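Have a look at the structure below, then the notes.
Throughout, read-outs are computed from the coordinates displayed, never taken from laboratory work. Nothing here was measured: the structure is a model prediction, and the numbers come from that model. Heads up, the Cβs are rebuilt from the backbone with ideal geometry, glycines too, and the neighbour counts pull from every protein chain shown.
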Amino acid sequence: MKDKHINEILESTPLADLSETELEDVRSHTTQCAACKRAYDAAHVSALLLRERAAETFEPTPFFQTRVLAALRERQAAQRSNVFGRMWQKTGALVASMAATVAMLAVLTFLSPGMQTAAPSQDLATASNSYSADEVLFNRNEATDDQLTDEQVLTTLYEPDEGAAK
């Protein structure tokens, strides 16, 4: 043991794990070497502190369990209240595609009337001017040149077909 210092032994094996023969060799060497005595004393103090700390029992503060359970409930409530956010994340692609479709239809709606000629709108204006609601209601019995009477319509509908009779 005189050639080998106990620093190497203590670095490889903790003091508490040494056998009785190894401890006797370490103690006998510390009587002759001052540096090894300091290392042995430091290892001995460390072993005592570890043993003392291992023997201590940890007791939480009085309301520790209450605080932990309250924090757990808050976290669960936050997860439940965030249901809309999760739903929005899952349906985000669908909503984006619908918005793109609506935007495309709006653009096409506003651009396509500009490409057409003005003639259909003029036809619509002349057609709406030819008849008015008052004229139709109050002048029912008077036939105008471009209107058919009820008698003419019925005659046309119920007139025997000349081609069918032959």
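A simple spin-label model places the labels of K37 and F84 7.8 nm from each other, with each point 7 Å out along Cα-to-Cβ. For E24 and A100, the difference between the fully extended length at 0.36 nm per residue and the C-alpha to C-alpha distance is 18.8 nm. Sorted from longest to shortest, the spans of the Cα atoms of the stretch 6-55 along the three principal axes equal 34, 20, 16 Å.
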